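Participant: The following block contains the structure, expressed as structure tokens.
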Amino acid sequence: MKNSGKRIAALCAALSFAAPLAAAEPQTVIRFSHVVAPEAPKGKAAEFFAGRVAELTRGAVKVEVYANSTLYKDKEEMEALQLGAVQMLAPSVAKLAPLGLKEFEVFDLPYIFDTTALLHKVTQGPIGAALLDRLEPKGIKGLAFWDNGLKSFSANRPLRTPADFRDLKLRIQPSKVLESQTRALGAFPLVTAFSDVYQALQTGIVDGTENPHSNFYTQRMHEVQGHMTLTGHGYLGYVVIANKRFWDGLPSRIRNLIEQAVKEATVYANRIAQEENDQALAKIRETGQTQVHEPTPAELAEFKKALLRTHREMAPRIGREIIEAIYRETGFTPGGDAGTR
Ligand code: LMR
């Protein structure tokens, strides 16, 4: 009796010693910054990722998600990642070229992906993996591609044909392909941080923009854009990236669990993106503030004809090899004025 009492006392002492030790173990914090609303596909996927990391690591790793440019704007977030002020981001593919990664602009080429399945052959296949590897010399670990969706053009005048774009100032992301695309329509490109787009549209610094419907609706652009045309002319998606030194410094067991969470979040992101964009379009229509125009096949053909020449114009910059590898993978056949040669 006496001995068993001692054993219990010893066990209690051991437990009370062990508990604070475990609690004192430093928690790894991942600051994940992004520029869209928490309700946008990327915002939801980032929260999903944070939840899975907490579950898989049993709280050893905490992902703090900072949405809506609350921590950093477009350009600043890239610098913050490279400096280690944040550990993870998911910038759109268009935002990597300013780091010297021009090949990522291939995703901005108008009409390059006919279907989501073809897009995924690239982003989830060997071409996507090779592109992620190219981030390493920049001190960035590329982890995955997440979808948003196809972009529509908007402005305060109807945009039925390419001629309607003449002399419009269009907000674009920092991509030379988007610049070329805008000029192909006779409009002026103006690079603006995503966080400043609403105000730029409201004050007339720019007249129009292009975005997937989820971004358009969650940034309330319907309040400042009277017309939208469902051109679906280009893709907007994300590269999930981490500061490489941080990533390499993680214990391998933890890194594997985070990788698992990235995989699951990728499936989730790519599953919800289309539905989120469809719902956002329905909500834009409901506001009655933006008139949504569904182009006829003849109007679409005109847009395609005007925009495809960007493929040829931009090939020397992006690299013919990668463009042609994507053409082969997707069966894309550039017609008329397009093509890389
Ligand atoms: C934009 O700047 O339009 C987009 O990159 C925003 C985003 O991250 O979806």
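Participant: Under 5 Å between amide hydrogens, which residues at least 5 positions from I172 or on another chain qualify, with H placed 1.01 Å from N in the peptide plane?
Facilitator: L190, V191, T192
Participant: In addition: Relative to the present Cα-Cα distance, how much length would full extension add between I205 and T161 at 0.36 nm per residue of separation? Present the calculation step by step, with values, prior to reporting the outcome.
Facilitator: Values: separation 44, 0.36 × 44 = 15.84 nm, distance 2.29 nm.
Residue separation times 0.36 nm, minus the Cα-Cα distance, leaves 13.6 nm.
Participant: Okay, next question. Taking only C-alpha pairs under 8 Å that are 6+ residues apart, what is the relative contact order of the chain in percent?
Facilitator: On the way: 614 pairs, mean separation 79.4, N = 341.
Result for the chain is 23 percent.
Participant: I've got another one for you. Where in the stretch 131-163 are there trypsin sites (Lys or Arg not before Pro) that are in a DSSP coil and have at most 12 other Cβ atoms within 10 angstrom of their Cβ? Display every interim value, and only then the final one.
Facilitator: Details: sites: R134, K138, K141, K151, R160; in loops: R134, K151, R160.
Here no trypsin sites (Lys or Arg not before Pro) fit, given the DSSP loop and packing criteria.
Participant: With the crude spin-label approximation of a point 7 Å out along Cα→Cβ, what separation in nm comes out for A298 versus S252?
Facilitator: Taking the simple label geometry, A298 and S252 are separated by 6.5 nm.
Participant: Leaving ligands, DNA and RNA out of it, work out the accessible area of K283 with a 1.4 Å probe and give it in Å² to the nearest 10.
Facilitator: Roll a 1.4 Å probe over it and K283 shows about 90 Å².
Participant: Moving on. Place a +1 charge on the Cβ of each Lys and Arg in the stretch 27-147 and a -1 charge on the Cβ of each Asp and Glu, then give the dipole magnitude about the Cα centre in debye, rounded to the nearest 20. It would help to have the intermediate numbers written out before the result.
Facilitator: Numbers: 14 positive and 15 negative charges, 61 e Å.
In total the dipole reaches around 300 debye.
Participant: Which cross-chain or sequence-distant (5 or more) residues have an amide H under 5 Å from the amide H of A144, H modelled 1.01 Å from N in plane?
Facilitator: Result for A144 returns V240.
Participant: In addition: Considering the stretch 26-330, what Rg and Dmax in Å follow from its alpha-carbon atoms?
Facilitator: 18.8, 61
Participant: Using unit Cβ charges (K, R positive; D, E negative) and no other charged atoms, how large, in debye to the nearest 20, is the dipole of the chain about its Cα centre? Mind dumping the intermediate values first?
Facilitator: Details: 42 positive and 38 negative charges, 216 e Å.
Charge dipole, the chain, about its Cα centre: 1040 debye, nearest 20.
Participant: Zone of D196 (label point 7 Å along Cα→Cβ, backbone N under 11 Å): which residues in the stretch 141-160?
Facilitator: No residue qualifies, since no backbone N sits under 11 Å from the label point.
Participant: Relative to the longest principal axis of the chain, what angle (0 to 90°, nearest 10) does the C-alpha long axis of helix 309-318 take?
Facilitator: With rounding to tens, the tilt is 40 degrees.
Participant: Could you give the length gained by full extension between T70 and E321, i.e. 0.36 nm per residue of separation minus their alpha carbon distance, to one decimal place?
Facilitator: Details: separation 251, 0.36 × 251 = 90.36 nm, distance 3.84 nm.
Gain in length upon complete extension: 86.5 nm.
Participant: Quick one: if the Förster radius is 35 Å, what FRET efficiency do A130 and Q291 give, using the C-beta to C-beta distance and rounding to 0.05? Write down the numbers at each step before the final one.
Facilitator: Details: r = 42 Å, r/R0 = 1.21.
Given R0 = 35 Å and the Cβ-Cβ separation, E is 0.25.
Participant: May I pose another question? Quick check: the angle from helix 252-287's long axis to the longest principal axis of the chain, C-alpha only, nearest 10 degrees?
Facilitator: Relative to the chain, helix 252-287 is tipped by roughly 40 degrees.
Participant: Would you kindly state how much longer the chain becomes between K305 and K283 on full extension, computed as 0.36 nm times their sequence separation minus their alpha carbon distance, in nm to one decimal? Let's see the in-between values first.
Facilitator: Details: separation 22, 0.36 × 22 = 7.92 nm, distance 3.05 nm.
Separation in residues times 0.36 nm, less the Cα-Cα distance, equals 4.9 nm.
Participant: Among W146, H227, A301, which residue has its Cα furthest toward the positive end of the charge dipole of the chain, with +1 on Lys/Arg Cβ and -1 on Asp/Glu Cβ?
Facilitator: Of the options given, the answer is W146.
Participant: Put +1 on the Cβ of each Lys and Arg and -1 on the Cβ of each Asp and Glu in the stretch 117-237; which of P212, Q199, L185 then has its Cα farthest toward the positive end of the dipole?
Facilitator: L185
Participant: Give me the one-decimal nm value for the distance between modelled label points at K263 and R245, 7 Å along each residue's Cα-to-Cβ direction.
Facilitator: 3.0
Participant: Among the trypsin sites (Lys or Arg not before Pro) within the stretch 220-268, which fall in a DSSP loop and have no more than 16 other Cβ atoms within 10 Å of their own Cβ?
Facilitator: Details: sites: R220, K244, R245, R253, R255, K263; in loops: R220.
Those that pass, being in a loop and sparsely packed, are R220.
Participant: Something else: What percent antiparallel are the DSSP beta bridges of the chain, to the nearest 5?
Facilitator: Restricted to the chain, the bridges split so that about 55 percent are antiparallel.
Participant: Let me ask something additional. When the helix-only estimate is applied to the chain (DSSP H runs of n ≥ 4, each -39,500 (n - 2.57), divided by the residue count), what is the mean residue ellipticity at 222 nm, nearest 500 deg cm²/dmol? Working shown, then result.
Facilitator: Working: 13 runs with 161 residues, N = 341.
Rounded to the nearest 500, the figure is -15000 deg cm²/dmol.
The values are calculated or read from the model by the stated rules, or taken from the named source; none is laboratory data. Bear in mind the structure is a predicted one, so any value in this text is a computation, not a measurement. Cβ atoms come from the backbone with ideal geometry, glycine included; neighbour counts cover every protein chain shown. Remember, those area values only see protein heavy atoms, side chains included, never the ligands or the DNA or RNA. Shrake-Rupley method; radii C 1.70, N 1.55, O 1.52, S 1.80 Å.
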